[in-house]
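This report refers to the structure that appears directly beneath it.
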Amino acid sequence: DGGITQSPKYLFRKEGQNVTLSCEQNLNHDAMYWYRQDPGQGLRLIYYSQIVNDFQKGDIAEGYSVSREKKESFPLTVTSAQKNPTAFYLCASSSLGGRRRNQPQHFGDGTRLSIL
Amino acid sequence: DQQVKQNSPSLSVQEGRISILNCDYTNSMFDYFLWYKKYPAEGPTFLISISSIKDKNEDGRFTVFLNKSAKHLSLHIVPSQPGDSAVYFCAAKNEGGSEKLVFGKGTKLTVNP
């Protein structure tokens, strides 16, 4: 089945610790995205990547880092610099450009990060 | 500065009736709009979209209407079913720009049997 897999589903972070959230897609999508959702809030964009080895900051990139070494993978690291990391993190992917313009983003089932 | 606004945090309707979810936007450069449905502890699922060259798009029980002059769109669900109970997010994109989506805060729909 084609889709987006996020792991783990639940993650706990200690103070001062970096943690990495995994996102893998087998949809052959060019673009991948990381969002954060807080209670009662919409989804806010952290980082996105439209091509391997390239990524752009979203609206709330501070305290986060990403890499895009492979087309199918876009891991997100929540660093100790992120002072309020407790949230629901969602990864998405989409096709890009050409005849496939305006393709919707497809989402994984998320990772819930909490502070110990 | 919230560019996509869903002013109703919640909506409750009776099974079989129409559900109307509203969304307003402020950025006139937005020209592609999407609705997503989200259950708790799951990722959003794409529902329906509309390009700014249209004013209506229909898919089964779901219809999206776009009023560009008012910068307003709405999602109609007819007839509503209990399984439609979820949070609905409106999102917008600038077709000429990047692939970034801007999301509203969502409306929680409850369909009562």
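General remarks:
- Within segment A:39-56, being in a loop (DSSP other than H, G, I, E, B), more than 10 Å from chain B (Cβ to nearest Cβ) and closer than 27 Å to residue B:105 by Cβ holds for one residue alone: A:39.
- Looking only at segment A:1-59, and only at residues there that are more than 23 Å from residue A:95 (Cα to Cα) and free of Cβ contacts under 8 Å to residues at least 12 places away in the same chain, the one that is farthest from the chain's Cα centre (by Cα): A:40
- Residues of segment A:4-23 that turn out to be assigned to a strand (DSSP E or B), away from chain B (no Cβ under 14 Å) and of a type outside the set (S, T, N, Q), as a count: 3
- Residue in segment B:12-27 that is outside any strand (DSSP E or B) and either within 13 Å of another protein chain (Cβ to nearest Cβ) or crowded, with 18+ Cβ neighbours inside 10 Å (or both) present: no
- Any hit, segment B:16-31, residues being farther than 23 Å from residue A:105 by Cβ and under 14 Å from the mean Cα position of the chain (by Cα): yes
- When restricted to residues that are surrounded by 15 or more Cβ atoms within 10 Å (Cβ to Cβ), part of a strand (DSSP E or B) and within 14 Å of chain B (Cβ to nearest Cβ), segment A:57-99 contains 8.
- Test set (1) among the basic types (Lys, Arg); (2) surrounded by 20 or more Cβ atoms within 10 Å (Cβ to Cβ); (3) outside any strand (DSSP E or B) - residue A:36 fails condition number: (3)
- Given (1) within 14 Å of chain A (Cβ to nearest Cβ); (2) of a type outside the set (A, V, I, L, M, F, W, C); (3) touching a residue at least 40 places away in the same chain (Cβ under 8 Å); (4) part of a strand (DSSP E or B), number of the condition residue B:57 does not satisfy: (3)
- Some residue of segment B:81-100 being among the basic types (Lys, Arg) and modelled with pLDDT under 95: yes
- Any hit, segment B:63-75, residues being buried (at least 21 other Cβ atoms within 10 Å of the Cβ), under 10 Å from the mean Cα position of the chain (by Cα) and within 14 Å of chain A (Cβ to nearest Cβ): yes
- Residue A:67 in contact with a strand residue (DSSP E or B) (Cβ under 9 Å, 6 or more places away or on another chain) and either in contact (Cβ under 8 Å) with a residue 60 or more places away in the chain or among the acidic types (Asp, Glu) (or both): no
The values are calculated or read from the model by the stated rules, or taken from the named source; none is laboratory data. For clarity, every value in this text was computed on a predicted model and none was experimentally measured. Virtual Cβ from ideal backbone geometry, glycine too; neighbours counted across all protein chains shown.
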